[in-house]
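Okay, structure first, notes after.
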């Protein structure tokens, strides 16, 4: 009897108290998303209609694609402030390749490049994005310039390059095959949504199940330990910016296909939504913690929040304030949770 009592006491002593901070870290954003959906549904009975759901998903797909790339960057404790500008310059390069320079090339040309204009444009957008990402990564790793400074400069440089390429005017009038990527659907599901889901799935698999994914986490978690273990930090860091650039190029192609126009103002302010999606989704700005699943939830939260605020006729100015406050709170919670883990 005494032995049984002692065993029970030992078992209770070994039991750890429930960590509410840990639970909120894992499921807080998802719970907040559910609460938002319920609230907006009570304000607008059509909020959860199939049409509105697909509209929200289509709206978030462009910056959601870039958010997947930004997750890789932020996991290494970096940041890319040029995402919107890279989107714009890649889209403009693709448009120039298939249409020519300037606004005078605004009429649809179904015979451009033998009817393969969308394929040419997509290839150009991806290649330019990869090149831009490589330039950013090289400047950060070889010149030892902080990511914030490199990408802040890139934000201005690539926006200026977009203006030069387009002469300050949009290039529009793409053929049906091109526009399908932005406005078409497969089995009733928008193509943009399917592309976003594929990109997110591939990013999830790479980070969770590949050697490179483990290297990204290692570099972000403890770069010195990663270096001492034999990892080539410069290569890993350069590659995450290449991934970011490539996905920004893909997003640029999708955006121009949706609007049937490549514009110098495309992607302005997207940096806020992209970074917000990643940070709100639980990826730490300090690096080493987070993942694609959280980013997808964060992207959905931003999309639901913006759509709900629009349906309630909230001014766009207040929408930006609300998103900014949420970002600050997310980072503050991340800092608090990190210090809490350190005390355990």
Taking only the stretch 238-286 into account, find how many residues are in a loop (DSSP other than H, G, I, E, B), farther than 30 Å from residue 223 by Cα and touching a helix residue (DSSP H, G or I) at 6+ places or on another chain (Cβ under 6 Å). 5
In the stretch 187-196, anything more than 27 Å from residue 99 (Cβ to Cβ) and either at pLDDT 95 or above or part of a loop (DSSP other than H, G, I, E, B) (or both) is listed as 187, 188
Just checking, how many residues over the stretch 4-45 are surrounded by 10 or more Cβ atoms within 10 Å (Cβ to Cβ), part of a loop (DSSP other than H, G, I, E, B) and modelled with pLDDT of 80 or more? 1
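Conditions (1) buried (at least 21 other Cβ atoms within 10 Å of the Cβ); (2) within 18 Å of residue 65 (Cβ to Cβ); (3) touching a residue at least 60 places away in the same chain (Cβ under 8 Å), marked per residue:
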residue	(1), (2), (3)
204	no, yes, yes
210	no, no, no
214	no, no, no
219	yes, no, yes
231	no, no, no
264	yes, no, yes
270	yes, yes, yes
Quick one: would you say residue 150 is without any contact (Cβ under 8 Å) to a residue 24 or more places away in the chain, in contact with a helix residue (DSSP H, G or I) (Cβ under 6 Å, 6 or more places away or on another chain) and under 22 Å from residue 236 (Cβ atoms)? yes
Just one listed residue, out of 274, 278, 242, is at pLDDT 90 or above and surrounded by fewer than 24 Cβ atoms within 10 Å (Cβ to Cβ), and it is 242
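The values are calculated or read from the model by the stated rules, or taken from the named source; none is laboratory data. Model, not experiment: these values are computed from the prediction. So basically every Cβ, Gly included, is an ideal-geometry build from the backbone, and we count neighbours across all protein chains shown.
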